[in-house]
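These notes concern the structure reproduced below.
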C-alpha cells in the first residue's frame, strides 16, 4: 500500500505550524540549537515528512501528529545530517536512525544533541567550572565608577583603527557616532553617541542629526562617521581612500580601541561610561598576560575559499586573530577547564556550550541594541563579515548579560536537556500556539559508531563522520532516506565550521586534520562538480534503500543551474521524482531572508523512489499546462492559510511540479529538452501562475521560439 506522502500531504496547514516555529525556533526545538549550524530546517516540517512517509495513505495525518507513535521497524538514513533535525524527529517518532555527515563539527554537534545524560552530573560539572573560573573570568571585566564603587563591565564598545596612507594619523573607523540604540527604536528612540572631539558619551535619539556635547560643547552630526560604504575619510587631512586597498599595505588585521563600556553597578543598575584609569590599568594587565597565552596557542592558518576570502582580504591569516587579547585569555581558561572533565559525553556537551561562547565573543560580534539579546553573533549574515565597531562582551556573564558562558548554559544546555526528556509539538488553536507534551519518545538514545552495533541493538542510533557516497550500510537495508542537501553556490559550511573546529579540536582531539574541508564535500561553486558529487551520494542512498523505500529531501534554489543539478542527481542515481510539496522553509527572522530582493520563504519536499520501470512510456499530453495548474492549486492552498508566497516562491513551487512531469517522460534526453524549455520560458510560467492569484509582479519578457 502506498504511503500517505506519495498521494497527498497537508503542506499548507503544516506550513502554518512551521511558520510559528520559525519565529521562536530555539524555544520550540532547543535541542537542535546546542551548537551553531547553517540552514537549519524546521523540526515540525521534518516530523510531518517522516510521519507522512511512515503512515499508510488511508491513515489520519493530524490524528497521528498529536499522538505517540512507535515506528520501531522503520530505519531512516540522513546522509547530510547537519544539525540533526531529521534524526531527532525520527527518534521522537520511535524510528531507528542512521546519520552521517562529512563535516566533523556536524558529527560532534549531533552526537552531543542526541546522547543520553544524567542531569545531576551536568549541574555538578557546571558548578565545578563555576567555582574554578567565574571569579577569574569576571576579574577581567571588573571596573570602578567615578565615585570609586566596584562594578562589573557587561560590554566594552570597540572601534577598529587604521592609519591614514597620506598623513599616517590613526583613524577610528566609526560608521556612525551612535553606538547604542534600542533594538526597536520607533518604540524607544533613546540612543548614545560618542563626541568626535573629546570622546564623551552623549544621550540623544537614534535619528538625531545634531548633538551638542555635554562635556566640551562641540556640535556634531551623530549620523556621520569616518566610514561610508567601502570608503574611509581621514579627519586630520581630509584624504579619502578604499579600506580594502589600504589593507593590502598592512601586515596584520586592524587594531582596535575600547572607547566606552556598559557597566552593572552593585545595585543592579546599567549605565554607559567612558573608559577610565582603572580600565587602562586592566588593559595593560591583559596585554601582559596575553603574551604568554599567545605563545601556547596553536597557529592554524585560514585557508582561501568562497567564504574565507573576505576575511583574508582584511589580513586575518590565523583563526586566533579573530579574537581580542581579553577574549583569548578567557577562552584559554575555558579550554583548560573543560579539558579536565572526565566523562566523554559531558565533555562533548560542554565543548558545544563553549562553541556557543565563541559565536558571541569575537571581533566579528556587534551590539544588537537594548531591549533584546544585546550581542549580535558573528554568523547573523551566514558569512564572515568584518566588523568595524565590534562588541567585547563579558565572557562569564551575569544574569543581565547576553552570549556568555553562564547565560548560554541556561538558555541552551538546560533547555535542550529539558526538551529531550519530554519533547513537545506546536498546536495552533484560534491562531494561538500551545505546546503539546507527552506524545513523543524521549530524545535520548545510545549512540553507536558502526553499522554492526546498530544492527545488534534496537534502541540505538548510528552516527558517523565521513563521505556519504561511501558507507558501510548494507544493501536494501533502509526504509527511508530523508535529508536536506547543500546548495551548490551558497554557504560553504566547512569554511565556516573551521572557526569552531580550531577550538573544538583542542578539547576533543578529534582529528589530526587542521580543517573540516574535504575534496569530496558536496559543496561547489561549479554546478557540474556539485552535480557529480551529489549524484554519488544519491546513488549510495539508492543502493542502501529498499526497493519499496522512499527517498525524500527538501530543496529550493533561485537559479536554474540549481534545478538542473538536482534533476540530474536524481535521475543519474537511478531515482525518479514522484511528488513535490511546497513547505515553509527558511527562518522568518533570518537576516539573509530579510535582505533578499525576492526572498524565498518556501522549500520543496521532493518525494522520490527507485526507478524500477521496465520501460519509459509515461508521456503527458500537456505537461506544462498540468504543472502550472497544480502549482496554482498549491499556491492557493498556502495563501488560504495566510502563508506568503513571493515571486521566488512561485518559481520554487513550479519547478517542483516540472520535475515531477519531467520524470514521467520517455527518456533522459526528452527530460533535458523539457527542462531547457522551462528555463527559457520560466518568467512567463511564473507570471501565469501569479495572475491566477490576481497579482502581476512584472511584465513578461518576449521569448523567441
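Just a few scattered comments:
- Using the empirical formula 2.2 N^0.38 Å as the baseline, the Cα radius of gyration of the chain reaches a ratio of 1.02.
- Fully extending the segment from residue 146 to residue 525 would add 130.9 nm, taking 0.36 nm per residue of separation and subtracting the current Cα-Cα distance.
- Protection-proxy order for peptides 466-473, 251-258, each taking the mean of Cβ atoms within 10 Å per residue, highest first: 466-473, 251-258
- Bridge orientation summary for the chain: considering DSSP beta bridges with both residues in this region, about 75 percent are antiparallel.
- Ranked by how many other beta carbons lie within 10 Å on average, peptides 101-107, 631-637 from highest: 101-107, 631-637
- When each of 38, 503, 23, 563 is scored by the number of other beta-carbon atoms lying within 10 Å, the sequence from fewest to most is 23, 38, 503, 563.
- Maximal additional length on extending the residue 132-residue 246 stretch stands at 36.6 nm, based on 0.36 nm per residue less the C-alpha distance.
- Separation between Cα centres of the range 525-546 and the range 17-60, rounded to whole Å: 25 Å
- Of the residues 129, 519, the one with the fewest other Cβ atoms within 10 Å heads the list, and the complete ranking is 519, 129.
- Between the range 293-318 and the range 423-480, the C-alpha centres lie 36 angstrom from each other.
- Taking only the Cα atoms of the range 64-167, the radius of gyration and Dmax are 24.2, 74 Å.
- At an R0 of 41 angstrom, the distance between the Cβ atoms of residue 299 and residue 625 translates into a FRET efficiency of 0.10.
- In degrees, nearest ten, helix 493-508 long axis to first principal axis of the chain (Cα): 70 degrees
- When only Cα pairs below 8 angstrom with a gap of at least 6 residues are kept, the chain shows a relative contact order of 16 percent.
- Sequence ranges 644-657, 204-217, ranked by mean other-Cβ count within 10 angstrom, highest first: 644-657, 204-217
- Under the simplified labelling scheme, the residue 70-residue 8 pair shows an inter-label distance of 3.0 nm, with each label point 7 Å from Cα along Cα→Cβ.
- Gyration tensor (Cα) of the range 312-461, equivalent ellipsoid semi-axes in angstrom: 33, 24, 16
- Sites residue 315 and residue 223, calculated FRET efficiency, Cβ-Cβ separation with R0 41 Å, nearest 0.05: 0.90
- Taking the helices alone, the chain has a mean residue ellipticity at 222 nm of -11500 deg cm²/dmol, built from -39,500 (n - 2.57) per DSSP H run of at least 4 residues and averaged over all its residues.
- Modelled spin-label separation between residue 679 and residue 414, with each label point placed 7 Å from Cα along the Cα-to-Cβ direction: 5.5 nm.
- Relative contact order for the range 78-164, counting Cα pairs under 8 Å that sit 6 or more residues apart, in percent: 18 percent
- Difference of contour (0.36 nm per residue) and Cα-Cα distance, residue 124 to residue 237: 34.8 nm
- FRET efficiency for residue 449 and residue 212, using Cβ-Cβ distance with R0 set to 51 Å, rounded to 0.05: 0.15
- Relative contact order (%) - the range 207-263, alpha-carbon pairs under 8 angstrom, separation at least six: 17 percent
- Plainly put, the range 187-302 has a radius of gyration that is 1.04 times its Kirkwood radius, both from alpha-carbon atoms, as the Rg/Rh ratio.
Each reported figure results from applying straightforward, stated rules to the coordinates on display, with no laboratory input. The model shown is predicted, which means the values in this text are computed figures rather than measured ones. As a convention, Cβ positions derive from the backbone with ideal geometry for all residues, glycine included, and neighbour counts pool all protein chains shown.
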